[in-house]
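Worksheet for the structure shown next.
The values are calculated or read from the model by the stated rules, or taken from the named source; none is laboratory data. Model, not experiment: these values are computed from the prediction. With ideal geometry, Cβ positions are generated from the backbone for all residues, glycine too; neighbour counts draw on all protein chains shown. Surface areas here come from the heavy atoms of the whole protein model, side chains and all, with no ligands, DNA or RNA. Shrake-Rupley method; radii C 1.70, N 1.55, O 1.52, S 1.80 Å.
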Amino acid sequence: MVELTQIELKKTSLPVDEAASRFIADGRRLAKEVNCFDFVPSNYENAWSTLDALPRGRFCEWGSGLGIVTGLAEMLGFEACGIEVDGELCRQSRELFKMHGLKGEIYHGSYFETEARADFYYVYCWPSIMAATETWFDQIASADSTLLICYGQDDIRGMRSSSQFDP
């Protein structure tokens, strides 16, 4: 069993900017049309304040849904991509990106089968696959990568491989 070490995450106190607010609003309108039984959206404002406090780098959202967190990461200056297993959500997220002039890629597939390299991986997965998600992160992530894993919409935790902290 993989054991990750939780690291402290800071949040910015700056509000979501105007362009990101419009992007979130358009995404929430699209979400009302989502016909995917297990789609649960993130708290986008919470994701924004967490991402804004991080150093910029490569970002990959696992299970990206409508790609809203991926788009926010791009707006904040990350090199951002998402991976989504549901083809319709991929299509809708690409349309949303196009509407807002975003260039981030949304890949169709399972993040358990894709080794996108990133400094930060973001996931809001079902509790039943959290252990598998942590194991996958430990297997593919570089030594200095951080897993931003949601334990609910308002609870984003930063995790790193425990081996990074061994003397």
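Below are the figures for this structure:
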| read-out | value |
| --- | --- |
| With Cα atoms, 0 to 90° folded angle of helix 18-31 axis to the chain main axis | 80 degrees |
| Partner aspartates and glutamates for LYS10 [C-alpha distance under 16 Å; skip if fewer than 8 residues away on the same chain] | GLU45, ASP52, ASP154, ASP155 |
| Convex hull of the chain built on C-alpha atoms - directionally averaged projected area, nm² | 9.2 nm² |
| Percent antiparallel among DSSP beta bridges (both partners in the chain, rounded to 5) | 30 percent |
| Separation between Cα centres of the range 93-138 and the range 19-70, rounded to whole Å | 11 Å |
| Around ARG29: net Lys/Arg minus Asp/Glu count, Cβ-Cβ under 14 Å | 0 |
| Check: the chain dipole with +1 on Lys, Arg Cβ and -1 on Asp, Glu Cβ, in debye | 420 debye |
| Whole-number accessible area per residue in Å² for the chain, which is evaluated in the context of all protein chains at 1.4 Å | 51 Å² |
| Eligible lysines near LYS32 by straight Cα distance, threshold 21 Å, same-chain separation 8 or greater | LYS98 |
| Listed residue (ALA25, GLY65, GLN6) projecting farthest to the positive dipole end of the chain, Cβ model | ALA25 |
| Of all accessible heavy-atom area on the range 14-167, the percent that carbon and sulfur account for (1.4 Å) | 51 percent |
| Size of electric dipole in the range 5-57: Cβ of Lys, Arg +1 and of Asp, Glu -1, about Cα centre, debye, nearest 20 | 20 debye |
| Peptides ranked, highest mean first, by Cβ atoms within 10 Å: ranges 56-62, 6-12, 99-105 | 56-62, 99-105, 6-12 |
| With Cα atoms, 0 to 90° folded angle of helix 130-140 axis to the chain main axis | 70 degrees |
| Theoretical gain in end-to-end length, HIS108 to ILE129 [0.36 nm per residue, Cα-Cα removed] | 5.7 nm |
